[in-house]
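*Asks:* Sharing a structure here in structure tokens format.
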Amino acid sequence: MDPMMTVSKERADKYMELVGIRASKIPLQHITGSQEFMGLDFKVNEDVLIPRQDTELLVENAITYIKSVKGDVDVLDMCTGSGCIAISIDRLCENAKVTAVDFSEKALVVAKENNALNKADVTFFQSDLFENVEKQYDVIVSNPPYIKTEEIESLMDEVRIHEPMMALDGDCDGLKFYKKIAKEGRQYLRSNGIIFFEIGYDQGQTVPAILEENGYKDIKVYKDLSGNDRVVTAGKE
């Protein structure tokens, strides 16, 4: 762009308006209305968690496993939010048959829009965890709320004020949803099925312990690019 190019007053005013909005701690992704994830574009707003690069490790691990399996793989994305995990798996794995659920009806509106935007074929429906789930799956993948309630107030304003609290708050110990999904998920995971969790940087011991207590096997922890524990995988006997 020519640095000496003349900008119209209308465009200059619009630019300053956007600068003012950003200065008020509204996330850039809410201003632009989108976020890139796994090479795909996702619509975002205040009803869904903004997709993070850290979550790509979760998706990459799931994709690697799914592609190694001969035949179709039934996948359940629990706490889908924007649908970025489910849609990425659907688009990048020809043998994946993906279903995604969320408690929030508002989040599901966004997820379904992203499904259409990315020409994916994910089935979405509302469910309080497994409440409305009726079948078993080969893979369960989830990035559940995992921040301790007492730590919410210390989050950046962009996150604490403008992203949905229900997608962040993992109760007093940050482990509420891991405990529920690990326990209830056994009923909905086929024999030799695999569960994939994104975890907080300090949960690399506690979440595997929860999975072990619930009878899972071959538990593995994977680190992100910053060297923090970020993904846990485990198999069902």
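*Asks:* Mind listing the Cα extents of the chain along all three principal axes, in Å, largest one first?
*Replies:* Principal-axis extents of the chain (Cα, largest first): 67, 40, 33 Å.
*Asks:* Residue by residue through region 222-229, which ³J(HN,Hα) values in whole Hz follow from phi under the Karplus form 6.51 cos²θ - 1.76 cosθ + 1.60 (θ = phi - 60°), with glycine and proline marked x?
*Replies:* In residue order, the calculated couplings are 10, 9, 8, 5, 8, x, 8, 4 Hz.
*Asks:* Can you put GLU150, GLU113 in order of Cβ neighbours within 10 angstrom, beginning with the fewest?
*Replies:* Lowest to highest Cβ neighbour count: GLU150, GLU113.
*Asks:* Going by how many other Cβ atoms sit within 10 Å of their own, how do ASP138, ASP128 line up, fewest first?
*Replies:* Lowest count first: ASP128, ASP138.
*Asks:* Also, I was wondering about something else. Rounded to the nearest Å, what's the spacing between the alpha carbon centres of region 48-75 and region 107-130? Just the number, please.
*Replies:* 16 Å
*Asks:* For a footprinting-style exposure proxy, rank LEU129, LEU211 by other Cβ within 10 Å, fewest first.
*Replies:* LEU129, LEU211
*Asks:* Additional query: What's the extension gain from ASP171 to GLU134 if we count 0.36 nm per residue and subtract their Cα-Cα distance?
*Replies:* Numbers: separation 37, 0.36 × 37 = 13.32 nm, distance 2.67 nm.
Answer, rounded to one decimal: 10.7 nm.
*Asks:* What's the magnitude of the charge dipole for the chain around its Cα centre, counting Lys and Arg as +1 and Asp and Glu as -1 at the beta-carbon? Answer in Debye, nearest 20.
*Replies:* Numbers: 28 positive and 42 negative charges, 95 e Å.
Approximately 460 debye in magnitude.
Values quoted throughout were computed directly from the atomic coordinates according to the rules given, and no laboratory measurement underlies them. Just so you know, these numbers come straight off a predicted model, no measurement behind them. All Cβ positions, even for glycine, are placed from backbone atoms using ideal geometry, and neighbour counts span all protein chains on display.
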